[in-house]
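The values are calculated or read from the model by the stated rules, or taken from the named source; none is laboratory data. All values reported here derive from a predicted model rather than from experimental measurement. Cβ placement follows ideal geometry from the backbone for every residue including glycine, while neighbour counts extend to all protein chains displayed. Ligands, DNA and RNA are stripped out before the accessible areas are found, and what is left, the full protein with its side chains, is counted by its heavy atoms. Shrake-Rupley method; radii C 1.70, N 1.55, O 1.52, S 1.80 Å.
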Amino acid sequence: MSESSAEAVANAATAAAASAARGAAAAGGAAGTWRRAGLAGAAIGIVAAGAAAGVAIERLTVGRGMRQKARLALDSAGPYGGLRGMPGKAHADDGTELYYEVDEVDPEAVGATGPRRRRLFGRKAPAPVTVVFSHGYCLNQDSWHFQRAALRGVVRTVYWDQRSHGRSGRGVAQVQDGTPLDIEQLGRDLKAVVDAAAPEGPLVLVGHSMGGMTVMALADQFPELIRERVVGTALVGTSSGRLGEVNFGLPVAGVNAVRRVLPGVLKALGQRAELVEKGRRATADLFAGIIKRYSFSSRDVDPAVARFAERMIEGTPIDVVAEFYPAFTDHDKTEALAHFREIPVLVLAGVGDLVTPSEHSEAIADLLPDAELVLVPDAGHLVMLEHPEVVTDRLADLLTRVGAVPAGATVGGYGSTSGTAQPG
């Protein structure tokens with residue numbers, strides 16, 4: 001790729017950011033806000049320059065109309081995100097409505113394994129193990145599509161949308177009271193979902209990125225729940241703290257610029273959400289490239305999967321993006337990891353993750369010496385979509401070790417919306 005091609009994309013990014021910045025300036029109405037927004041434009045231009053390396057040729061050689069038609073075709077034909085379960089609603093401590101879905105065990109699929117489960121848990125009619133999946137920032141429960149397709153029917157699972165994401169309601173405390181969002185609140189939200197969807201029986205907690213932080217916050221505030229009911233945990237592409245040190249694959253100057261101005265500018269943009277959303281739609285091609293760079297590492301990602309990730313991220317309103325972002329800088333749950341030392345833990349990350357680098361997963365594993373650490377080559381932040389077979393395989397192994405899935409069962413259907421786990 002030529003330097004001029006990269007520069008063209010970077011300039012387009014800066015122009016788009018400047019357009020958003022003008023909206024921020026209008027929202028703030030002050031010279032200081034305008035200056036911060038202008039700096040953010042330059043910073044986002046640096047981010048785009050990094051993304052340009054992988055996407056500039058496509059963007060510069062394929063007509064916009066053709067790209068729009070391709071997106072529509074992928075949206076209509078892509079099978080991802082279409083799995084649905086029994087819906088339910090929980091309510092957080094501030095009244096926020098939290099949406100979840102349950103996939104129950106299929107008796108025909110696991111009927112022959114009932115006696116084994118009774119021996120494992122020492123009861124005549126034990127409550128089934130429930131696996132609770134928590135998704136990441138700017139995603140929703142459908143981000144677990146492949147794992148859901150593979151595990152369907154063989155184990156009881158709960159998938160939920162974090163507050164202000166997916167089908168859950170906007171955070172009441174944030175909208176009505178202006179309360180800053182923190183990871184502790186997300187831990188309490190998860191407790192509300194567990195109380196509603198799995199009030200009894202053993203639990204396995206699975207969290208990706210922000211969802212892993214949510215699991216840590218749950219343990220920090222409700223250690224007795226971990227001690228009494230949690231039999232296994234999987235932390236995927238996440239971090240226990242020090243996120244302020246992540247460089248996102250940028251040069252030092254770019255990182256410093258982003259860190260300095262982005263929180264304030266996001267807040268200003270969030271105050272003009274309608275205007276900014278129009279800008280996001282107008283620059284969809286550009287930001288699709290940025291999303292791809294920071295979601296995946298391999299070059300041969302299925303275009304339908306990449307578009308699926310785009311849709312989830314695009315579906316997160318800018319005011320929600322702004323609301324959640326500051327919470328990550330304050331996140332520190334290193335001490336909370338101690339609550340998982342007595343149970344089986346899977347720690348998994350993509351080696352090419354630019355958002356929560358694999359070094360953060362290694363740091364978690366260092367504090368949990370009995371944990372299984374899996375680093376997936378050629379994988380980025382959305383490793384469960386990029387290499388679903390690896391994530392599902394290691395997750396199935398964890399579930400087998402804790403007795404949630406019979407040893408004779410196999411899982412399959414990684415790429416199918418109709419795949420179910422079948423007894424071996």
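Each peptide in 374-386, 89-101 was scored by the mean count of other Cβ atoms within 10 Å over its residues; highest first, the order is 374-386, 89-101. The modelled label-to-label distance for the pair R341/E200, using points 7 Å beyond Cα in the direction of Cβ, is 3.2 nm.
Relative to the present Cα-Cα distance, how much length would full extension add between R242 and D106 at 0.36 nm per residue of separation? Don't skip to the answer; put the middle values down first.
On the way: separation 136, 0.36 × 136 = 48.96 nm, distance 4.21 nm.
Answer, rounded to one decimal: 44.8 nm.
3J(HN,Hα) couplings calculated from phi for segment 337-353 with the Karplus curve 6.51 cos²θ - 1.76 cosθ + 1.60 (θ = phi - 60°) are, in sequence order, 4, 4, 5, 9, 5, 9, 10, x, 10, 10, 10, 9, 8, x, 5, x, 5 Hz; Gly and Pro show x. Fully extending the segment from D378 to R167, taken as 0.36 nm per residue of separation minus the present Cα-Cα distance, adds 72.8 nm.
If you take the square roots of the eigenvalues of the alpha-carbon gyration tensor of segment 336-398 and sort them as a ≥ b ≥ c, do you get rounded (a/c under 1.5), prolate (a/b over b/c) or oblate? Because a/c hits 1.5 or more and a/b fails to exceed b/c, segment 336-398 counts as oblate. Sorting F308, F248 by accessible area puts them as F248, F308; the probe is 1.4 Å, largest comes first, and only protein heavy atoms count. Of the peptides 223-229, 138-144, 334-340, the order by per-residue mean of other Cβ atoms within 10 Å, starting with the highest, comes out as 138-144, 334-340, 223-229. Averaged over residues, the count of other Cβ atoms within 10 Å places the peptides 186-193, 389-396, 81-88 in the sequence 186-193, 389-396, 81-88, highest first.
With every protein chain in place and a 1.4 angstrom probe, the accessible-area ranking of V172, V204, largest first, reads V172, V204.
Per residue, how much accessible surface does segment 285-385 expose to a 1.4 Å probe? Answer in Å², no decimals.
40
Placing pseudo-labels 7 Å out from each Cα toward the beta carbon at K89 and D182 gives an inter-label distance of 2.9 nm. Amide H to amide H distances under 5 Å link L139 with no residue, where only residues 5 or more positions off or on other chains count and H is placed in the peptide plane. Classified by the C-alpha gyration tensor, segment 165-258 has an oblate form. Its axis ratio a/c, with a ≥ b ≥ c, is 1.5 or above, and a/b does not exceed b/c.
Going by accessible area, probe 1.4 Å, with all protein chains left in place, what is the ranking of F287, F324, largest first?
Numbers: F287 70, F324 0 Å².
Heavy-atom accessible area, descending, gives F287, F324.
The stretch between D397 and D302, if pulled fully straight at 0.36 nm per residue, gains 31.6 nm over its current Cα-Cα span.
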